[in-house]
Amino acid sequence: MNPHQTDVLVIGCGIAGAAAALRLARDRQRQVTLITRTADPEESSSRYAQGGIVTLGEEDSADLIVKDILAAGAGLSLPSAARVLVEEGPGLVLEVLVESAGVSFDRAPDGRLAYGREGAHSCSRILHVGDATGRAIIQALIAALRGQSNVHIVHSATAVDLITFPHHAQNPLAVYEPITCHGAYVFEQSHRAVHTYLARATILATGGLGRIYRYTTNPEGARGDGLAMAYRAGARVINAEYVQFHPTVLAVPGGEGFLISEAVRGEGGRLLTPDGRSFMKAYAPRWGDLAPRDVVARAIHHEMVEHGYPYVLLDIYSVLSPNRIRERFPTIHARCLALGIDVTSQPIPVVPAAHYFCGGVWADEWGRTTVQNLYAVGEVACTGVHGANRLASTSLLEGLVWGNRAARDIVARRSLSAVAPDDVPCWEEEGLEEEADPALIWRDVRTIQHTMWHYVGLVRSTRRLARALRDLRHLDQDIDSFYRATRLNDALIGLRHSVQAALIVAEAAQHNRYSRGCHYRDDTKGAM
Ligand SMILES: Cc1cc2nc3c(=O)[nH]c(=O)nc-3n(C[C@H](O)[C@H](O)[C@H](O)COP(=O)(O)OP(=O)(O)OC[C@H]3O[C@@H](n4cnc5c(N)ncnc54)[C@H](O)[C@@H]3O)c2cc1C
């Protein structure tokens, strides 16, 4: 089978990958291949974003947003990266999302854009489309991409490994060259075969890893694929201990993982214990219910553990009128109602869940990683914007800005050379007859998720982390043997990536004995 050759391979079509591809497509001579492991290209974390995308509010300034990002980041956000986000982001929201893709953000009755407010933001500055902002954005971006003749979208195609020299080079002397990416091996689900995709530049935009935790807001595909592939290729990974837990996820049977947007607290929603006690002021005297999400998540966790509550309550009905609730939060209202909770007259039972990966593949201000010709953008990357804790609604903007920037950097580097197809070996799968047993995969995934939830979760300790590492290393060896002896499928690829991503997070958490932002250790230094 001949390799597939393209100028730029984009792995993942959430907001980051889609923004990159759209910018690259402007030059009709450039061929862009965009792959996604799902059958529907819109399926991604981006699609489920509710609250919105941060921009400059009416009584706002770039300095004020940067200040809020740095404050939420707990001293670990990179100021220059936050500055890039804030200085380029608002312009790109208008140019790419509103003018080019045609996203209709909500407007006030006088026609001006309506700005929402969320936790730890100093003012109203979040653009939204009801409470289904991500869906509107991703529908518009994918539709815009479908109109580009030089963008080839390949669905149901799972990247297995990045192709890097010297690792995959036929020439032994390549060992003296810097590590360079030339594309990826991609498992095409319909053919059940791995194909070679060669590219002058590769953009990793595979999103986060929430699914390595038992409770998460993330969709099924957020299993750390990109992180694990880049790590194996030798890319630098940083800040992996910082996994953000969303404080308010629906705690009703059948509603597992459904996020109750922070905008609910932004609109005045209050957190209460099941017996009606307001508790956030005791944990965050300045912010109260609008404290940064790590503080709120740990406060809820603490209340639940201390008092044995199965959940806490989020009350919006005593603050907003039923009409306003239905208008501002239509998705939340409908979903809760279907599960027996009428949010216009009842508080919502909520618990915390894994939500966002603040660490990732180190990427500079143009999305460049430490592997040549490999870019990382969006949640898989760590640009430094989010530091130890992400400020709400900044990740869609980060994906948009860095997707666009990586594309611009590739455009500027006209001399990117292509590797000769003969220099790259084909994927070897000869002789593998055994089919992957779904029961084994399911059980191993659940073991990873439980281990991460209990030992590498909201509150960590030396003992818990040691236990997690022991269990995960053992599992990693078993999964590796299973992987090498079995015919590939998407679930098996994901299992291997999940255990490796879990190890990366657990090892980073063990190394860092200092509590900061969303990495909290109850047996060492640092403040809550
Ligand atoms: C429920 C929820 C609500 C959120 N709300 C907000 C919000 O209001 N505002 C905000 O700013 N952020 C929000 N976030 C976070 C934000 O949505 C994500 O951080 C962001 O969308 C990530 O974008 P991305 O492009 O990096 O990745 P994603 O959107 O996750 O896209 C990843 C892509 O990679 C593909 N992929 C993964 N692995 C492979 C593989 N091996 N091979 C091929 N393709 C692969 C996937 O199929 C997908 O196309 C929310 C997240 C969730 C889950």
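A few notes on this one:
- If the segment from residue 281 to residue 71 were pulled out straight at 0.36 nm per residue, it would be longer than the present Cα-Cα gap by 73.8 nm.
- Low-density loop cleavage sites - GluC sites (Glu not before Pro) in segment 9-72, where at most 12 other Cβ are within 10 Å (DSSP): 58, 59
- In order along segment 286-303, the phi-based Karplus estimate (6.51 cos²θ - 1.76 cosθ + 1.60, θ = phi - 60°) of 3J(HN,Hα) comes to 6, 9, x, 5, 9, 5, x, 5, 5, 5, 5, 4, 5, 4, 5, 4, 5, 4 Hz; Gly and Pro are listed as x.
- Karplus-derived 3J(HN,Hα) values for segment 330-345, using 6.51 cos²θ - 1.76 cosθ + 1.60 with θ = phi - 60°, are x, 5, 4, 4, 5, 5, 5, 4, 4, 9, x, 10, 9, 5, 7, 9 Hz; glycine and proline are entered as x.
- Carbon and sulfur %, accessible surface of the chain computed with the full protein complex present, 1.4 Å: 50 percent
- The chain - mean residue ellipticity at 222 nm from DSSP helices (-39,500 (n - 2.57) per run, n ≥ 4, rounded to 500): -11000 deg cm²/dmol
- Taking all protein chains together and a 1.4 Å probe, the residues 163, 341 rank 341, 163 from largest to smallest accessible area.
- For the pair residue 466 and residue 108, a Förster radius of 41 Å applied to the C-beta separation gives a FRET efficiency near 0.15, rounded to the nearest 0.05.
- Per residue, in Å², the accessible surface of the chain once ligands and nucleic acids are set aside, probe 1.4 Å: 39 Å²
- With a 1.4 Å probe rolled over the protein heavy atoms of all chains, the accessible area of 1, 304, 452 falls in the order 1, 304, 452, largest first.
- Residue range of the chain that is longest and free of trypsin sites (Lys or Arg not before Pro) which are both DSSP loop and sparsely packed (at most 15 other C-beta within 10 Å): 287-412
- Debye, to nearest 20: dipole size of segment 389-502, +1 on Lys, Arg Cβ, -1 on Asp, Glu Cβ: 1160 debye
- Take residue 279: with every protein chain present and a 1.4 Å probe, its accessible area is about 0 Å².
The values are calculated or read from the model by the stated rules, or taken from the named source; none is laboratory data. The shown structure was predicted, so the numbers you read here are calculated from the model rather than taken from an experiment. Positions of Cβ are backbone-derived with ideal geometry, glycine not excepted, and every protein chain shown enters the neighbour counts. Areas reflect the complete protein model, heavy atoms only, side chains present, ligands, DNA and RNA absent. Shrake-Rupley method; radii C 1.70, N 1.55, O 1.52, S 1.80 Å.
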